[in-house]
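A short worksheet on the structure shown next.
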Amino acid sequence: MSQDRQLQLVTSVMITAGFDVSERFTLRPRSFDLIARNDGTLLVIKVVSHIDSVSEEVAFDLDLISRLLGGIPLIVGERARDAELERGAVYVRYGIYAISPATLYDYFVEKIPPLVYASPGGLYVNINGDALKDLREKRNMSLGDLGTVLGVSRRTISKYESGMGTTLDIAIRIEEFFDTGVVEAIDLVRHEPPPKAMESEKKEPEDHIQSPMEFLQQIGISLHTLHGAPFQALLTFDKHTILTGYGPAQKVVKRAALIGNLSQIAKKHAMCVITDSAKEKKIGRTLVISEKRLHRVEDGFELLDLLGE
């Protein structure tokens, strides 16, 4: 499936699920493709054909943007390595959940959560450890007794009861033996990848871009620079977040409307700082301000006043 068709499909799924979805944008590179919001849930979505194409740099931006916007990062793709993504399965790339469009539909439209997650060696499930322990004790079975039934060690049973995941085969044997369910569904919007599927912690790349707007930090505004978003930075101050573009007028003004649309979906502020003009105006929801004017801002509250005008 082409990238364009896949984006259309993901957009259609989110609209069907009752989400407000941002405009699509074609700027490259891009760390995410869509922002979607519904009932307090904000998703920052990256759509790819192959989930292994998501680089650490893109994942860093995706995670940072999601955290600062109060949202959840999500990768939607078709393939991993040499196989198609399994429907109802969750994969993890740099600590971010990755699923197929079909799994996206099942979760958000049909309200059917995925049960399995992919990790080196195959597909796994999460066991409700407390439920398993209760079932074992009601049968007056020791850890060793249950281990013998399942063909695993008593230590492994103890780990299951402590929350360690297991293979589909073992999970099926447990549920058949006790004639009840013990597998826990995966909640995509909680953003807590299964322990076995976790990859190395994301670190800010050494060559992370430094922004010319660093002077804002001197007046108490936090600056978070980005690599591939349609906005070059996110500013945070007093529980407010500002999607911010920066550069020459010809380049930045073209992005102003898009940044405004993204801010509307995310319910945040939007600003574009231009380096070669003294004009100040609003383009939709986006404040367009000159770099010289921004340098005269004394603190974050004054900037918020400008954004609110």
>> Quick check: from the Cα gyration tensor, does segment 1-112 come out rounded (a/c under 1.5), prolate or oblate?
In response: rounded
>> With a 1.4 Å probe and all protein chains left in place, how much of the accessible area of segment 39-123 comes from carbon and sulfur atoms, in whole percent?
In response: 49 percent
> Per-residue HN-Hα couplings for segment 262-267, Karplus 6.51 cos²θ - 1.76 cosθ + 1.60 at θ = phi - 60°, whole Hz, x for Gly and Pro?
Replying inline: 4, 5, 5, 5, 7, 6
>> Once each part is reduced to its C-alpha centroid, what is the distance from segment 105-162 to segment 1-74 in angstrom?
In response: 32 Å
> Computed on alpha carbon atoms, what radius of gyration and Dmax characterise segment 115-179, expressed in Å?
Replying inline: 11.2, 35
> Among rounded, prolate and oblate, which fits segment 56-166 when a ≥ b ≥ c are the square roots of the eigenvalues of its C-alpha gyration tensor, a/c under 1.5 means rounded, and a/b larger than b/c means prolate?
Replying inline: prolate
>> Connecting C-alpha atoms closer than 10 Å in a GNM of the chain, tell me which of Arg67, Arg155, Arg255 has the biggest fluctuation.
In response: Arg155
> Any idea of the accessible area per residue across the chain, 1.4 Å probe, to the nearest Å²?
Replying inline: 48 Å²
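Would you kindly calculate the mean projected area, averaged across all directions, of the convex hull enclosing the Cα atoms of the chain, in square nanometres?
On the way: hull surface 73.5 nm².
It is 18.4 nm².
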>> How tilted is helix 3-16 with respect to the longest principal axis of the chain? Cα atoms for both, answer in degrees (0 to 90, nearest 10).
In response: 80 degrees
>> Could you identify which residue out of Ala256, Ala80, Ala59 has the top mean-square fluctuation in a GNM of the chain using Cα springs shorter than 10 Å?
In response: Ala80
>> Counting other C-beta atoms within 10 Å, and keeping those with at most 15, which DSSP coil trypsin sites (Lys or Arg not before Pro) do you find in segment 99-154?
In response: Lys111, Arg139
> What GluC sites (Glu not before Pro) in segment 79-182 are in a loop by DSSP, with at most 10 other Cβ atoms within 10 Å of the Cβ?
Replying inline: Glu110
>> Using a 1.4 angstrom probe on the protein heavy atoms only, could you order Thr275, Thr148, Thr41, Thr16 from most to least accessible area?
In response: Thr148, Thr16, Thr275, Thr41
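The values are calculated or read from the model by the stated rules, or taken from the named source; none is laboratory data. Note that the structure is a prediction, hence the values are computed from the model and not measured. Don't worry about glycine lacking a Cβ; one is built from the backbone with ideal geometry, like all the others, and counts go over all protein chains shown. Surface accessibility is based on the protein's heavy atoms, side chains included, excluding ligands, DNA and RNA. Shrake-Rupley method; radii C 1.70, N 1.55, O 1.52, S 1.80 Å.
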